[in-house]
Each structure stands twice: as structure tokens, then as C-alpha cells.
Amino acid sequence: MKKNKSSVRLDGALATYMQWPVYLAIVLICFDISISLFFPAAIPFVLIYTIIYLIISILIWVFKRQSALRELTGFATEFNHTQHMMLKELDVPFGMLDLNGHLVWANNDLKDMLAIEKCVKEPISKIFNNEALNTLPTVEEDVEYHITYGRNSYLMRLRLITPSEYGDTILWREEKNVDAPDDSLISMFLYDETENVALKKENFDEKMIVGLLYIDNFDEAFEGADEVRRSLVTAWVEREINKYMKPYDAIIKHLEKDRYMFVIKQRYLAQIEADRFSILENIRNLNIYDLSMTISIGVGVYTDSYIKSYEGAHEAIDLALGRGGDQAVVKRPTGISYFGGTTASPEKSTRVKARVKAHALREYIEGKERVVVMGHSLADIDAVGASIGIYRIAKTLNKRCYISLTDPTAVIQTVVEGFKSDPEYEEDMFVSGTKAKSLVDNDTLLVVVDVNRPSYTDTPDLLKQTDYVVVLDHHRQMSDKIDNAVLSYIEPYASSACEMIAEILQYTSDDLKLRSIEADAMYGGIMIDTNNFLVKTGVRTFEAAAYLRRNGADVTKIRKMFRTNFNEYRTKANAVSSAEVFMQNYVFAHSESEGLENPTVVAAQAANELLNIEGVKGSFVFTEYNGKIYISARSIDELNVQIIMEKLGGGGHMSAAGAQFENMSVIEAMNKVKKTIIEMTENKEIR
């Protein structure tokens, strides 16, 4: 809209400047009055000159004002045009957006960049194919985005501009197809940072990162082998390692007989991860003189410090070994990635580690006033049996011991009542999590059994109340492990926590003697976790069971203890009958929870039953309980269900794992697991 000339007014400093004759006339009149008082004779002369001044001022104001306004208006127009042309010819792509993100004006550089002749009424999120650009600035502050368009990278700077800031200079009116906006606008500058991004990437890629490579079962593999075969196999392993690392320009250093350190450029890590650390499979398939080995790899990605990278590699390799070996772990500041781990952990024939841990545990118990033992939430017989084993160690060393147990199931309650009715045991042997909080301080040794994740413990708050925590578990470690443990003994090869505790018992004291009721509970833990010695059993599993039998474990009594009632048996049968096959090798089923004391146990039993079907690699049984969806995942040896459950926030073992979902239906949970299996199959994480 053009303004009428008569409506044009001068404002501000310019208007004040143009009004100077008026102010000077007032001063002149005051001067005339003063002269008249002292020199009356000069009045006619002063009056004549004053009138002449006023007449000239009025004539100038009347006849020259319009021409002055025309010249000022012309200058403003020329300045506006110059400003407009400068913006249009600006070497930086520049544009104006409305509050919905539509491009309403663009300079020549932006038009050339977008290959358009006139502005297009499309949001910039669609133009640049970037969903982040749907969020536009709402305050007068710069908002920056790093975007990619074509082959170039740009820094986009957006700023909200109010009407008072752009005033009457409406740049976009020249665009015939765009209506003038009535409200605030958003300015958009694009700065080409392609070269900077390329230099940053090159600098990042060239930085060195540290990795550690350990042979998992070096001593076990060479046990009984002669020196010639040992040297030959070692040479073959080193040859495979060097052959694999050579394309990545890696520096490899042999630290010890079974340990290597390597340094590579950051750029190669993406290739190695895409390859999913195929060296794991190469070494696993390397069978010379019937000697087979596996390796574990830990990589620390901290490019700002070589010390941090080395420490990160150590943490990663510890995590890989704690998860059973035969896998690679990459630790970054932003998270942890896992690769491999598709085979069962090799059983170690030596008990040296168990003996060392037993002696260390004894020293910690002797140095504290009391012991509190805690398992995982919804404790099973393995957690309770392991806790009872620790109780016996503490009592043998003349220390008070309490077992934290919250909301036990019917089966566990039967075991607990057996101890409470025995006068040999204190009435407060089992305490609730709330009571345990009042017992734990720095004079207390807190022993965590059958779990190594803080959030899964019976009472997580106990971990913060003492600096002395011992962790004894047989599950693979996750990234959210218990960090403040003074003693950690995690052996994924073990069948159960009760197996581990049974070994520790034998090295704690010569005076230690289990009572039959204690042996029953621990033997029951091994039975349940191994599905009656069918799953994940080794030589040491049967040796632990034999030790418990020698201490009075009654198999018949234990079997009766864990018999299911008719309702549980029928629920399990219904779950099996409702099973559906997915991708030919996976079975999904839904187990009801209504009227059951421990529906998760029934679901686990149903999952074990489904493995008896020919061709089934893995079974997944879902049950809804206490507002959550619990998944029981089981396999025999062809599938690692643990890495599937880890993708869903759970964990466990290669053949027995689980996860939990909240705010989700059973159908939604099934679809989520199916989607995960499809993605992992496509990425060749599972086969």
C-alpha cells in the first residue's frame, strides 16, 4: 500500500531539525523585548527585521517543505531499494519465513541454491527434508540447525523478527505470487560449512582409539597339550588376528600369552562394527588339533584422551568377559554396543577363581558387624537358596545375617516357613526390604546374589546405604551394573547362583556344615534354573549337586516342594495350546495370570515345554502381572535369546532370558518382539 503525500509526516530528530525557525523566532522576539526595555529608540528597527525574518521563515516553510519532503522520500526510497538489492545480491543465502515455516521471500543466492525462480509456498522442513525444522523460534534469539542439502552442509540460523523491526520495508512485495504477511516473520541465513564439516570429520576419523583382545579359554584349551601344539595353535591365532587387523592399518602389541592390545584410527571402527567383528567367528571356527578357542574384544572410544580410551577399553573387556566372553564390546561416552555372544560360555575346569573369591568373601564378612543378603525382586528359589548359603557362611563365622525378602510367592513362602518353624534359626532371619533399610550401614556387608543390575534387586535403596557390597551372580553383565561392589564374582558359565555358592561354601571354612533344610533350598535352586538338569549343566553343576546331596539334600522332598497345583498346570497347558509359530523357528504364546500365585514361573515352564517341539529355536511366552508384561524367552543351543532380550531392555542367559514392558498390551509386546527378531535377522545378529 502506498502512502498519500499529504499523509507523510516527519518524525523524530529530523522533525525537530526542520522546526528550527520556530525556536529561533521565539528567541528573536525575546531579544526584541529586551532591546526595547533599554533602547526604546531601536524598537522600529528591531520590529522591522523581526517581521522580515518571520515572513522569510514562513515562505520557506510553505514553499520548500514539500520539496524537502520529496527529496527525503526519494532518498528513503533509494535507500530502501539499495538495501533490497544488497539483500538480493548477498553472497549468503537469505530468506524470510512466515510463522508456519513457509518461505515468503528469498534472495538470489537462496533461489539459485534451491533451483527456483519464485518463492514456493512450502515449509522449510519439506524443502530441506528435515523434521527438526518443524520447530521454529518463538523468541527473538538465534536458533541454529546443522542441515544437509544436496552435497553441501549448512549452518541454518533462524531469528524471529517483530513488525516493529522490519517497519515499512516490505521486501517480499516484489514477489507477485506471495501475499504480504500481517504479523511477525522469521529471518533465515544459510552459511556453507561443507569444508568445516569435512575437516572436522577428517580430524575425528584420524584420531586413534584403543582396543584390548583376550583369548577366553587359553589355559583350558591347552590343558594337556604339548609345547609343539601349543606354539602352533598360538601362531595360527596370532596369524588370524594380524590378518584381520591388517586392512584397518592397526598396530597390535602382544602383552601376555593370552592378551593383545591394538590401536586403530576412528574411521575404521564403523567398518569393523558393520562387519560385526567377524574375527570372533573366525577364531571360533579355527580348529587345530581339536583345540578350539574364543576371544573377547573391548574397545574404548574416547577421542579426546588416549588415557580415557584405554580405560574405556578395560571397562569394555571386563564387561565382555563378565558376559561370558566370545563377544566384542564397544564403549562410548554415549553408550555401549555389544557384538557376538552367540555361543554358550565355556565351562572352566579350574576352581581357583572360586577359591580366591571365597577367601575374599570370608575376609569381608569377618571385618563387618553384620551381613544382609539380597536377591532380585520376585525372588525365585535360586535367589533364596543362594541367600541361605551366604547365611550359613556368616553363621559359621559367628556373624548375624539377615535375608531381605519382599513379597515372596507361595512356593518361596513355603520354604521360608520351613526355616521360621525351626528353632535353630532366628525369627528375623528373613526381613522385609523396609526392615533391611534400618539394618544396612557402613558396618554392614551387603551381599547381592543372583542379580547384578541395581534396578532388578529386591530393594535398590540398600545399595546406597553402604560402601561394602559383594555381588555373586551367574547372569551376563549389562551396562547398568552395580558399580560400588568391593567384590564381584560373576560367572555366566555357571548354571545357577546356588551352584556358585555351593563351590564357595567348600572353600570358606573346614568347620562349615550345611543343614539338610539349607541343602534342600540350594539343590532346588539348581534344579529350577537347569530345568531338572537339562539346560546349561556342566561338570561343575553336578559336582555342586553332589556336594549338596552329601549334605542331606532330599531330591524327593524337593520335587514335592515344587509340584504345581491343578490351576497352574491347566494355565500352562492352555499357553502351550495357544502357541503360534513365527518365521518357522520361533514360537509365541500367551499365559494367563489370573488366580496364579506366581504367573511368571508358569510362563517360564510353558516356554520350556515349547522347546520340545521339533524345529523350534526359541520360545517366547508373555504374561501380564501387576500392570506389567513379563516375557519368558527360552532356547536350547541354536539361538541366543539373551541378546534379543537385551535389545528390549532385559537380559539373562543364552538359553534363558526375559524382559519387562510397561504401558503395553500383550499383543503390542508380541509385535515389538517380532519386529526386533526381524531386524536382528536382517542385520545378521541372529540366524
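The values are calculated or read from the model by the stated rules, or taken from the named source; none is laboratory data. These figures come from a predicted structure and were not determined experimentally. Using ideal geometry, Cβ is built from the backbone for each residue, glycine included, and neighbour counts are taken over all protein chains shown.
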- Inter-residue pairs, beta-carbon under 6 Å, first over 11 Å from ALA633 (Cβ atoms) and in the stretch 595-610, second aromatic (Phe, Trp, Tyr), 6+ apart: PRO599/TYR625; THR600/TYR630
- Applying the selection to the stretch 463-488, what residues are more than 24 Å from the chain's Cα centre (by Cα), loosely packed, with under 15 Cβ neighbours inside 10 Å and not charged (D, E, K, R)? VAL486
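Looking at LEU405, LEU361, LEU378 in this structure, which one is within 35 Å of the chain's Cα centre (by Cα), farther than 29 Å from VAL601 by Cβ and either of a type outside the set (Lys, Arg) or surrounded by fewer than 17 Cβ atoms within 10 Å (Cβ to Cβ) (or both)?
LEU361
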- Message: Go through the stretch 546-586 and report how many residues are in a helix (DSSP H, G or I), of a type in the set (S, T, N, Q) and surrounded by 12 or more Cβ atoms within 10 Å (Cβ to Cβ).
- Response: 3
- Task: For the stretch 516-539, name all the residues that are surrounded by fewer than 22 Cβ atoms within 10 Å (Cβ to Cβ) and in a helix (DSSP H, G or I).
- Result: SER516, ILE517, ILE528, VAL539
- Message: Can you tell me which of (1) touching a His at 6+ places or on another chain (Cβ under 7 Å); (2) surrounded by fewer than 15 Cβ atoms within 10 Å (Cβ to Cβ) is the one HIS653 doesn't meet?
- Response: (2)
- Message: Given the criteria within 33 Å of the chain's Cα centre (by Cα) and not assigned by TED's automatic domain parsing to the domain that holds PRO137, does LYS246 qualify?
- Response: yes
- Taking only pairs six or more apart or across chains, which ones have beta-carbon atoms under 8 Å, a first residue in the stretch 333-352 that is more than 29 Å from GLY618 (Cβ to Cβ) and at pLDDT below 65, and a second residue that is among the acidic types (Asp, Glu) and outside any strand (DSSP E or B)? SER349/GLU220; SER349/GLU223; THR350/ASP219; THR350/GLU220
- Note on the structure: Taking the stretch 446-485 and keeping residues within 30 Å of PHE542 (Cα to Cα) and of a type in the set (A, V, I, L, M, F, W, C) leaves LEU446, VAL447, VAL448, VAL449, VAL451, VAL469, VAL470, VAL471, LEU472, MET478, ILE482, ALA485
- Task: Could you figure out which of (1) under 23 Å from ILE636 (Cα atoms); (2) outside any helix (DSSP H, G or I) isn't true of LYS513?
- Result: (1)
- Query: Within the bounds of the stretch 383-400, is there any residue that is in contact with a His (Cβ under 6 Å, 6 or more places away or on another chain) and buried (at least 18 other Cβ atoms within 10 Å of the Cβ)?
  - Reply: yes
- Note on the structure: When the stretch 196-230 is checked residue by residue, the ones that are surrounded by fewer than 12 Cβ atoms within 10 Å (Cβ to Cβ) and more than 31 Å from the chain's Cα centre (by Cα) are GLU223, GLY224, ASP226, GLU227, VAL228
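For the stretch 261-299, which residues satisfy the criterion of being assigned to a helix (DSSP H, G or I) and over 22 Å from GLU206 (Cβ atoms)?
ILE279, LEU280, GLU281, ASN282, ILE283, ARG284
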